[in-house]
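Engineer: Sharing a structure with you now.
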Amino acid sequence: MSVLEKVRPEPPVTVRKEPRVTDEHGRRIRVGELVWRYLLLLAVLALTVGPFLWQLSTSLKGPTEDIYSSPPSFLPARPTLHNYTRVADTIPVWDYALNSLKVATANVVTNCAGSALAGYALARLRFRGRKVTTLVFVLAMLVPVEGIVIAQFTTMRELGLNNTLIGVVLPGAIGAMNVLLMRGAFRNLPYEIEEAAYVDGANVWQRFLRVALPSVKGTVAVVAIFAFMGAWDDFLWPLIVLSDPSKFTLTIGLNYLHGTFAADERLVAAGTVIAVAPLIALFACLQRYFFRGVGEGAVKG
């Protein structure tokens, strides 16, 4: 045996560590607790997504398939898009969708612009009655819509905006919750950023448009999603203020799919999917801004 072979060190023994699952604080999560968490998440997923998937499945079933079978059949035997064609033949669904799109787009623009301006004023500007104004916005969230709908209808009638899409948009042009979200987002911004812009000679509008507003894009996306969903899904107020069928929104128009004595559930399901599809597409496009904006707009004291 040579001298080199005698002094050659033995290779180190590697100990394979078992993978560990930890939480955000670095604490180890037990297997049983992890299983319960995933079961809870699956249960919540089934409760939230399950009804939509069932409606989607029903809308793809043909007239020969029994939708009331026991046990129920989730997957259609022969998927068909004929129900969506029947929806367009029964009601002018695309005209109603266009009206809803006009109302929702106007609601998004007014809420994003108005809430950003009001939120910035409450968070950054110093004026008499600022705390009282903030309290008024908080109290406005506690008032149910059904309690002021008669006053809103009377106001729209006095303004001559009954049976118009402007009358549908105006009461929800700026939401109190959206103003508070923008206020919280602006309050979280460091003052040093705006102080530097002030030293450079920027006025209030320049600090708002060039410094503050680009820093809260996530919260603006949250406001846009909430405003679009609120206007698109609204049923009570358009039903009250509109009387001309050519100006109906999609939620009112879909009500005509229900018959007086009977209703085709496949037809209703297809209409429901048509109404929900734009919301899913909007959230899919803005989801990364949405989750970032929820943290930006957290309302603090």
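The values are calculated or read from the model by the stated rules, or taken from the named source; none is laboratory data. The structure displayed is predicted, hence computed values, not measured ones. Cβ atoms come from the backbone with ideal geometry, glycine included; neighbour counts cover every protein chain shown. Note: accessible area is taken over every heavy atom of the protein model, side chains too, but ligands, DNA and RNA are not part of it. Shrake-Rupley method; radii C 1.70, N 1.55, O 1.52, S 1.80 Å.
Engineer: Each label point is 7 Å from the Cα along the Cα-to-Cβ direction; what then is the distance between the points at T155 and V199, in nm?
Structural biologist: Inter-label distance under the simple model: 4.5 nm.
Engineer: In addition: Among L236, L181, L47, which one shows the biggest mean-square fluctuation in a GNM of the chain, springs joining Cα atoms closer than 10 Å?
Structural biologist: Maximum fluctuation in the GNM of the chain, among the listed residues, is at L47.
Engineer: Of the residues V136, V216, V179, which exhibits the maximal mean-square fluctuation in a Gaussian network model of the chain defined by a 10 Å Cα contact cut-off?
Structural biologist: In this elastic network of the chain, the residue with the biggest mean-square fluctuation among V136, V216, V179 is V136.
Engineer: Enter the accessible area per residue of region 27-79 (Å², integer; probe 1.4 Å; all protein chains in place).
Structural biologist: 80
Engineer: Still on this structure: Ignoring ligands, DNA and RNA, what percent of the accessible area of the chain is carbon or sulfur (1.4 Å)?
Structural biologist: Carbon with sulfur: 66 percent of the solvent-accessible area.
Engineer: Quick one, which of (1) 24.9; (2) 21.4; (3) 31.4 is the actual mean projected area of the Cα convex hull in nm² calculated for this model?
Structural biologist: The value matching this structure is (3).
Engineer: Let me ask something else about it. Just to be sure I understand: with springs between alpha-carbon atoms less than 10 Å apart, which residue in R183, R266, R207 has the highest mean-square fluctuation in the Gaussian network model of the chain?
Structural biologist: R207
Engineer: Compute the Rg/Rh shape ratio of region 196-296: radius of gyration over Kirkwood radius, all on alpha-carbon atoms.
Structural biologist: 1.21
Engineer: Continuing with the same structure: Loop only by DSSP, 14 or fewer other Cβ within 10 Å of the Cβ. Give me the chymotrypsin sites (Phe, Trp or Tyr not before Pro) in region 62-95 that pass, ordered by residue number.
Structural biologist: Counting only loop positions with at most 14 other Cβ atoms within 10 Å, the chymotrypsin sites (Phe, Trp or Tyr not before Pro) in region 62-95 are Y68, F74.
Engineer: Student exercise: in the chain, how many lysine pairs 8 or more apart or on different chains have Cα atoms under 24 Å apart?
Structural biologist: Close lysine pairs found across the chain: 4.
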